[in-house]
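Trainee: Starting off with a structure, shown below.
The values are calculated or read from the model by the stated rules, or taken from the named source; none is laboratory data. Computed from a predicted model, the values in this text were never measured in an experiment. Reconstructed Cβ throughout: ideal geometry from the backbone, glycine too, with neighbour counts over all protein chains shown. Ligands, DNA and RNA are stripped out before the accessible areas are found, and what is left, the full protein with its side chains, is counted by its heavy atoms. Shrake-Rupley method; radii C 1.70, N 1.55, O 1.52, S 1.80 Å.
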Amino acid sequence: MAAQSSSVLRRALLYVPASSPRMLTKSLGLTSDNITYDLEDSVTPSAKPEARAQLRAHLLASPTRPPTVSELAIRVNPVSSPYIDADLTSLAPLPNIDAVVVPKVNSASDLQYISQALSHHARSPQREPPKIIALIESARAVMDLRSICAAAPGALSGLIFAAEDFALDLSITRTPDLKEFLYARSAIVTAARAAGLPSVIDLVCTSYKGEAGLARLEEECRGGKAMGFNGKQCIHPSQVETVQRLFAPSEKEVEWAVRITIADEKAAAAGKGAWTLDGAMIDAPVAGKAKSIVDKAQRCGIDVKSLQEKWKDQEPE
Ligand code: COA
Ligand code: MG
């Protein structure tokens, strides 16, 4: 299995508790950009050794990633916990682990510890160690984002915002519109972008049942995407399809972007940097955004070619 490229898509990141044989088996038939087997908070302290052994057996028994999953990850216990070394020793050398999700990252030294341990456990000189994805879930971590992002160059591949522990740390009262997390979420997206990290993943939507759960999930996905997150953590398979769909460019967005990229080439050939489409001014940043939407749509498997054919005669106004 090839190491993940830095352009890996992470729209849905689905946690699967390592303590549940039933969910481990179920995970093999799911379609998700990322599946993360969890050894941290979904596993009680007394169940950790057994969950770890169970996960190792599961990964050894299915040594290749299912074709419907782009990335297999494990969420280990925090660096400050007594479990971290056993987690890494028993699981990091396995060939089908693409990434390690590290919870409660509070400082650069937490990530340095993980990246050194992963290099040590690297399976062979030809293979890169698994990527690292850091959970940001404390006030201290938000204040230290710049150094955290710089702690493991080349290995750190994304940040995740974890709302529950963050709310606990700050004694935050949660509200449905998530305004109490605005600063932290925005700081995390900005830091990830400034450091050139390929992904930044938003909070879990804990309500997953029925129409109300789905409506809340959709609203959170739209809000997260608008803030610049490229994906969202999921706790139940029923959330994954919605997250994958809402974090891909919408049909309307792709059509808009295709029209702009086609007309922009013509405008550029005619020497025009600024032009209009549907009465709105288009210039370099807008055309750049359109191009990135087209690229993302292609990576999400959307049929961009048909739209390009449909709009091939689009002219700048
Ligand atoms: N991964 C894989 N399979 C899962 C799953 C998950 N996260 N959550 C549920 N399933 C499976 C169930 O095993 C069940 O499978 P079956 O059809 O073979 O019986 C099916 O999906 C339907 O599950 P359902 O009965 O609706 O949910 P549940 O009551 O069994 O579990 C939770 C509900 C919330 C306990 C469970 O979804 C879960 O543990 N989620 C992950 C929690 C977690 O990892 N938290 C830490 C990160 S924030
Ligand atoms: Mg947490």
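Trainee: Test Arg222 against the stated conditions and say whether it is touching a strand residue (DSSP E or B) at 6+ places or on another chain (Cβ under 8 Å) and away from ligand 1 (no atom under 16 Å from the Cβ). Break it down into steps so the answer makes sense when it comes.
Mentor: Working: touching a strand residue (DSSP E or B) at 6+ places or on another chain (Cβ under 8 Å): no; away from ligand 1 (no atom under 16 Å from the Cβ): yes.
No; evaluated as a whole, the condition is false for this residue.
Trainee: Further, regarding this structure: Tell me whether the range 61-72 contains one or more residues that are touching a residue at least 40 places away in the same chain (Cβ under 8 Å) and either within 16 Å of ligand 2 (Cβ to nearest atom) or outside the structural domain of Gln233 (by TED's automatic domain parsing) (or both).
Mentor: No - not one qualifying residue is present in the range 61-72.
Trainee: For the range 1-51, which residues satisfy the criterion of being open to solvent by less than 30 Å² (accessible area, probe 1.4 Å), at pLDDT 95 or above and of a type in the set (S, T, N, Q)?
Mentor: Once the filter is applied, which keeps residues that are open to solvent by less than 30 Å² (accessible area, probe 1.4 Å), at pLDDT 95 or above and of a type in the set (S, T, N, Q), the range 1-51 yields Ser20, Ser27, Ser32, Asn34, Thr36.
Trainee: Can you tell me which condition Lys272 does not meet? The list is (1) more than 30 Å from Ser20 (Cβ to Cβ); (2) assigned to a helix (DSSP H, G or I), and all the others hold.
Mentor: (2)
Trainee: Now, a different point. So, in the range 196-219, exactly how many residues are within 14 Å of ligand 1 (Cβ to nearest atom) and under 24 Å from Arg75 (Cβ atoms)?
Mentor: Within the range 196-219, the subset within 14 Å of ligand 1 (Cβ to nearest atom) is 201-210, 213-214, 217.
After this cut, where a residue has to be under 24 Å from Arg75 (Cβ atoms) as well, the list is 201-209, 213, 217.
Residues in the range 196-219 being within 14 Å of ligand 1 (Cβ to nearest atom) and under 24 Å from Arg75 (Cβ atoms): 11 in total.
Trainee: Restricting the first residue to the range 233-256 and requiring it to be over 16 Å from Thr36 (Cβ atoms), which pairs with a second residue that is part of a loop (DSSP other than H, G, I, E, B) and within 15 Å of ligand 1 (Cβ to nearest atom) meet a Cβ separation below 8 Å and a spacing of at least six or different chains?
Mentor: Listed by first residue and then by second, the contacts come to Ser238/Tyr208; Glu241/Thr31.
Trainee: If I go through the range 82-136 residue by residue, how many of them are touching a strand residue (DSSP E or B) at 6+ places or on another chain (Cβ under 8 Å) and in a loop (DSSP other than H, G, I, E, B)?
Mentor: 8
Trainee: Find the residue count for the range 156-173, including only residues that are assigned to a loop (DSSP other than H, G, I, E, B) and open to solvent by 80 Å² or more (accessible area, probe 1.4 Å).
Mentor: Here is the first cut: in the range 156-173, the residues assigned to a loop (DSSP other than H, G, I, E, B) are 162, 171-173.
Adding the requirement that they be open to solvent by 80 Å² or more (accessible area, probe 1.4 Å) leaves 171, 173.
Number of matching residues: 2.
Trainee: Still on this model: Just wondering, is there one or more residues in the range 302-313 that are outside any helix (DSSP H, G or I), of a type in the set (Asp, Glu) and either open to solvent by 50 Å² or more (accessible area, probe 1.4 Å) or closer than 30 Å to Gln233 by Cα (or both)?
Mentor: Residues of the range 302-313 that are outside any helix (DSSP H, G or I), as a first pass: 302-303, 311-313.
Okay, now just the ones that are also of a type in the set (Asp, Glu), so 303, 313.
In the following step, the residues that additionally are either open to solvent by 50 Å² or more (accessible area, probe 1.4 Å) or closer than 30 Å to Gln233 by Cα (or both) were identified as 303, 313.
Checked the range 302-313: at least one residue is outside any helix (DSSP H, G or I), of a type in the set (Asp, Glu) and either open to solvent by 50 Å² or more (accessible area, probe 1.4 Å) or closer than 30 Å to Gln233 by Cα (or both).
Trainee: Please state which of the following conditions Ser207 fails to meet, knowing it meets all the rest: (1) within 30 Å of Leu159 (Cα to Cα); (2) at pLDDT 95 or above.
Mentor: (2)
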